[in-house]
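What follows is a short report on a single structure.
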Amino acid sequence: MSPGNEEQIEYWNGKAGQTWVRSMDRIDGMLAPITQALLERAAVKPGERVIDVGCGCGSTAIELLRRGALVFGLDVSEPMLALAKERATAAGLKGFAFKRADAAAQPLTPDHELVLSRFGVMFFSKPAEAFRNIRTGMTPDGRLVFVCWQAMAENAWMSTAGQAVMAFLSKPATAPDPRAPGPFAFADREYLRSILESAGFTGVEIEDFRTKLHVGDDLDQAMEFQKDIGPVARALAELEGETRDRALAAARAALAAHLGPKGIDLGAACWLVTARNPGR
Ligand SMILES: C[S@@+](CC[C@H](N)C(=O)[O-])C[C@H]1O[C@@H](n2cnc3c(N)ncnc32)[C@H](O)[C@@H]1O
């Protein structure tokens, strides 16, 4: 494990990992439009060797395996990897290996034509070094294709309830670092480009991808989900008692304003990134 990523490793092996395991089907359902766009950009071919960085519970790895790829899934989270193995095995798929490892430090063989990630690359304490290590696993001209979040304010599916709850937190003495490891670490497009270029990638393209995400069939379902993952869950962990109850009521009211006949659909914005390892 590379020094610096310990906090995230602990986080993803703790409650967060358990929550993702429990909510995986819902998360996959909700992220479906983003996953589809990611896989289209990846255009994987049968027989290609792929590294899935931060593969989590194996959702994208399984999609790649179904398309005939050979997949090496890397993740730091033991519970999420256990589910990834279980799902790939249950689906009768072959050609996969999942490893508990820090993608920033894991030695890699330079024979992967594709590196793919769905929201698994924003958690490195030293991102340029991490991407440099990832690049060592790629063939000359290999493709890097991943998706990461734009700023929280661009993601109504997180910010609508998130801002309502965060209003109840006491203000930190110093403003948090917007580039610190976490879901929004790459919100700044030019910063993201500079990280990839300094890691040695070429042909960096960062597409502004926007869609609606279905956050719940009704208010109760949306609230349950938001309490589990994302900024609402993170902010709630710091609140208790009556303040927590008031924060929850505020989140519910904020979401209620968006309730339609089919439930709650809110906007999402991510960066769909493609780049190449330079050729020989
Ligand atoms: C937001 S989740 C996404 C999981 C999965 N890609 C998906 O879309 O369902 C982020 C994942 O990155 C993993 N992760 C965080 N830091 C990592 C690191 N340094 N090396 C490998 N995986 C890491 C976490 O354990 C977690 O599974």
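The values are calculated or read from the model by the stated rules, or taken from the named source; none is laboratory data. Every value quoted in this text rests on a predicted model; they were computed, and no experiment measured them. Neighbour counts are summed over all protein chains in view; Cβ atoms, including those assigned to glycine, are modelled from backbone coordinates with ideal geometry.
Name the pairs whose Cβ atoms lie under 9 Å apart, with the first residue in region 1-18 and exposed (fewer than 14 other Cβ atoms within 10 Å of the Cβ), the second part of a helix (DSSP H, G or I) and at pLDDT below 90, and 6 or more positions between them or separate chains?
The qualifying pairs are Lys15/Ala233.
Do you know which residues across region 31-59 are more than 16 Å from Ala82 (Cα to Cα) and either modelled with pLDDT under 95 or of a type in the set (Asp, Glu) (or both)?
Glu40, Glu48
Residue-by-condition table, conditions (1) farther than 20 Å from Leu31 by Cβ; (2) modelled with pLDDT of 95 or more:
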site	(1), (2)
Ala199	yes, yes
Arg234	no, no
Leu259	yes, yes
Leu266	no, yes
Ala269	no, yes
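Restricting to region 94-134, what's the tally of residues that are more than 14 Å from the ligand (Cβ to nearest atom) and buried (at least 17 other Cβ atoms within 10 Å of the Cβ)?
Result for region 94-134: 4.
Somewhere in region 61-72, is a residue near the ligand (Cβ under 8 Å from one of its atoms) and either crowded, with 24+ Cβ neighbours inside 10 Å or touching a residue at least 24 places away in the same chain (Cβ under 8 Å) (or both)?
no
Please tell me if Ala42 is of a type in the set (Gly, Ala, Ser), more than 9 Å from the ligand (Cβ to nearest atom) and over 17 Å from the mean Cα position of the chain (by Cα).
No, not satisfied.
Specify the residue that is surrounded by the fewest Cβ atoms within 10 Å (Cβ to Cβ); the eligible residues are those in region 209-250 that are within 19 Å of Lys171 (Cβ to Cβ) and hydrophobic (A, V, I, L, M, F, W, C).
Ala237
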